[in-house]
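Let me begin by presenting the structure, written as structure tokens, before commenting on it.
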Amino acid sequence: MVKQRVSYFYDTDVGHFYYGPGHPMKPHRLKLAHHLILSTGLYRKLDVYRPHLASPAEMTRFHNDDYVQFLSRVTPETVRPFLQQMTQFNVGECTDCPVYDGLFEFQQIASGASIDGAVKLNHGATDIAINWSGGLHHAKKSEASGFCYINDIVLAILELLKYHARVLYIDIDIHHGDGVEEAFYTTDRVMTCSFHKHGVTDDGRRAAYFPGTGAGDDVGHGAGKGYAVNFPLKDGMDDASYERVFKPVVSKIMEVYRPEAVVLRCGAGSLAGDRLGRFNLSIKGHGELVKFVRGFDLPTLVLGGGGYTIRNVARCWAYETSVILDTPIGEDIPYNDYFEYYSPDFKLHLTPSPTMENMNDARELDQLKRQVLENLSALKGAPSLQIHDVPPDWNSRAVAPEPDPEASGAAAAEAEDGVIKREHPAEFTPAEGASPMDTTR
């Protein structure tokens, strides 16, 4: 395989944000993952960039202006004037999308990094772009949902569509990628493919598992009919069962749809032992899916997403960075500023639960797989696009984002083609005035 150029987008402030006590979404996991990437030496093979902050104008390429303006103005200290809008936009303490300090800046960082990655892919300046802070797939046009406020994925795909006739979105988190599917539900220029838990919860409430969408017969509408691919799964999904359906389906999509670019959302909520998850995947099994997609050698934007046992999220994304780089890393966690999070074994990989029952019957999986493959075979070839003028990039800095001079405690050791290679992993003291982190693991 040809060696691929990999760009990595990271902002030193991204791990300082805090949704509030008891909230399962913890941006602190991004700092843990970053320190593993540093302490394992993987950063030396990455082109590391600090992303620009996405502007409100960039966000309104998808989101409604009133919604973006609301997010940019509301703070924990100023909620009273916004009570009606908070209800309208599904934001506040009675929802899963609270108002917290720095809410809008966090959206700017995540969205800016995804847009930057898409622009670099558009210009052939990289082969794979990584933004572990991205992947906020539940956000709707005018509504926050599932811990997500601004849909960086949709914004990045819109950027990719300027240069690529067809974009494939693949989601391997445990929750359905409803916000992305909804955004492109009526077009054939984006195919969305989501593997996710679907059905009722197992806690006695018999409620639909969030977000409740993504049934197998949910295939798109109008010009987009057949271009939404959903593979609903049950509790206990393991490595072997996942590969059994994932590889044939993705291979068929590549054959029929012939995408020119891929967005791969690597949410870690599908790992064994996740606080909110119901699957039983190992980190190696999750990484095998990334390796498989990487093997098609297409311009690829790799994003994070869910995952709520933060030490396992960090393990997973550091390991998948090594998979993308085709650079093996050791089983022992190297010492770093967050070493204690990985006790008691201090190992990279986790062991799936031997007692968790896989509720996915092999015959049912095969039957659903056959139906999905038949639907894909019925598509009339890859959609084409008439020649058109390419719109300008939203932010010219995104073509060559600003190298991050703070990604190590020491000065950059080497500057080459606008890329700074990091020399030392000892970095990051909390920003002045940053909120203390909830260290729930």
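List of remarks:
- Listed by first and then second residue, the pairs with beta-carbon distance under 7 Å, at least 6 apart or on different chains, first residue in the stretch 39-68 and over 18 Å from VAL91 (Cα atoms) and β-branched (Val, Ile, Thr), second open to solvent by 10 Å² or more (accessible area, probe 1.4 Å) and modelled with pLDDT of 95 or more, are THR40/ILE329; THR40/PRO334; VAL48/TYR10.
- Subset tally (residues that are of a type outside the set (Lys, Arg) and more than 19 Å from the chain's Cα centre (by Cα)) for the stretch 1-21: 5
- Looking only at residues of the stretch 168-197 that are over 27 Å from GLY285 (Cβ atoms) and in a loop (DSSP other than H, G, I, E, B), we find that the one that is most open to solvent (accessible area, probe 1.4 Å) is THR186.
- Residue count for the stretch 20-48, restricted to those that are open to solvent by 10 Å² or more (accessible area, probe 1.4 Å) and of a type in the set (Ser, Thr, Tyr): 2.
- Counted residues, the stretch 332-352 - those being touching a residue at least 24 places away in the same chain (Cβ under 8 Å) and part of a loop (DSSP other than H, G, I, E, B): 11
- Tally of residues being touching a Phe, Trp or Tyr at 6+ places or on another chain (Cβ under 8 Å) and not in a strand (DSSP E or B) across the stretch 124-148: 10
- Residue match in the stretch 103-115 (condition: in contact with a Phe, Trp or Tyr (Cβ under 9 Å, 6 or more places away or on another chain) and open to solvent by 10 Å² or more (accessible area, probe 1.4 Å)): yes
- ASP217 meets the conditions (1) surrounded by 23 or more Cβ atoms within 10 Å (Cβ to Cβ); (2) not in a helix (DSSP H, G or I) in every case but one. The failed one is (1).
- Of all the criteria given as (1) open to solvent by 10 Å² or more (accessible area, probe 1.4 Å); (2) at positive phi, the one not satisfied by ALA165 is (2).
The values are calculated or read from the model by the stated rules, or taken from the named source; none is laboratory data. Since the model is a prediction, treat every value here as computed from it, not as a measurement. When we count neighbours, we look across all protein chains shown, and the Cβ atoms used for this are built from the backbone with ideal geometry, even at glycine. Ligands, DNA and RNA are excluded from the accessible area calculation, which covers all protein heavy atoms including side chains. Shrake-Rupley method; radii C 1.70, N 1.55, O 1.52, S 1.80 Å.
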